[in-house]
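Since the structure comes first, as structure tokens, the remarks are kept for the end.
A short reminder: the numbers here are calculations on the coordinates, not readings from a lab. Because the structure is a prediction, the values reported are computed rather than measured. Positions of Cβ are generated from backbone atoms using ideal geometry, with glycine treated the same way; all protein chains shown enter the neighbour counts.
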Amino acid sequence: MDQNGAVVGPLYLFELASSQARYLELRQSTIATNVANANTPGFRARDVEPFNKVLDGMPVRLATTSPSHMQLAAAETDTRATAKKDSWEVVHSGNSVSLEQEMIKGSDVNRDYSMNSAIVRSFHRMVLAGAKA
Amino acid sequence: MLDSLSASLTVASSGLEAQSTRMRIVSENLANATSTGRTAGADPYQRKTITFDAAMDRASGSQLAKVKEIGVDTTPYRVEYDPGHPAADKAGYVKLPNVNMMIEMADMREVNRSYEANLQVVKQVRSMLGMTIDLLRS
């Protein structure tokens, strides 16, 4: 990857993996907030937009084919926390956190994160193998 | 601003703290389930209640669970006829605390469940941090 963060060939994978890791960390933090406030009256459970949606919404970047081209700021993956509509339960106090649902989401995030780090590790090994050869 | 994983740990620990305060209130209620007044006609122990509130934490940018208020339950006391009791009034009735064992037990189970859920979040965050650190090891 070059210094400007522009997409260069297959090394784009590192950038993709780190933006997914950021997304998963944010989702985990949202889950933690939901669980901590599982008994707070009127608290609405929140969730983050799915990663593929975030990825689709990323603006198309212009390729820089000459050093004299202007540089655009690298667009950050922006993950907005959205009010959740599909909660499993809403109790009388207006709280819509379902602990079971949060646990399932938590293990989803954990599994995805594990896959993410495994991909980064094996890709890193590939890069090292290429450098040694 | 903290990174998301550290913020998750902060939030989960705020949840643990709120639930343990709730557990303290439940145990106070249970311990004082038969605490009557000392003088004739005096009021007994009044059941305590606890409410939570989501508080925005600027340092981590997330909503922590905080204890909003520890109040008292205003339901009427139980009354029992026991003329020999030191707290009995002129007619021989003693006021007993408005603590219902069943409600306290149910509350305790709920505290347990919420506490466990928060601990589970802590475990998951720790394993995620472990995976990130493992990337450096390979």
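Can you give the FRET efficiency to the nearest 0.05 for A:Glu100 and B:Lys90, using r as the Cβ-Cβ distance and R₀ = 41 Å? The pair A:Glu100/B:Lys90 has a calculated efficiency of 0.15. Evaluated with a Cβ-only charge set (Lys, Arg +1; Asp, Glu -1), chain B carries a dipole of roughly 160 debye about its Cα centre, given to the nearest 20.
Put a dot 7 Å past the Cα of B:Arg109, heading toward its Cβ, do the same for B:Leu30, and the two dots end up 1.3 nm apart.
How well do other chains shield peptide B:116-128, expressed as the mean number of their Cβ atoms within 10 Å of each residue Cβ? Average neighbour count from other chains, rounded to a whole number: 6.
For peptide A:100-111, the mean count of partner chain Cβ atoms within 10 Å of a residue's Cβ comes to 2.
For chain B, the longest principal axis of the alpha carbon atoms and the long axis of helix B:4-31 meet at an angle near 10°. Using only Cα atoms and rounding to the nearest 10 degrees, what angle (0 to 90) does helix B:101-137 make with the longest principal axis of chain B? So the helix axis and the longest Cα principal axis differ by about 10 degrees. Taking every alpha-carbon pair in the stretch B:4-74 and binning the separations at 10 Å intervals from zero gives 19, 35, 23, 14, 7, 1 percent.
For the stretch B:1-137, lysine pairs with C-alpha atoms less than 22 angstrom apart, excluding pairs fewer than eight positions apart on the same chain, total 4.
Dividing the alpha-carbon radius of gyration of chain B by the rule-of-thumb value 2.2 N^0.38 Å gives 1.54. Placing dummy labels 7 Å off each Cα toward the beta-carbon, the span from A:Ser93 to A:Ala118 is 4.0 nm.
Peptides A:28-34, A:46-52, B:131-137 ranked from most to least packed give A:28-34, A:46-52, B:131-137, packing being the mean of other C-beta atoms within 10 angstrom over each peptide's residues.
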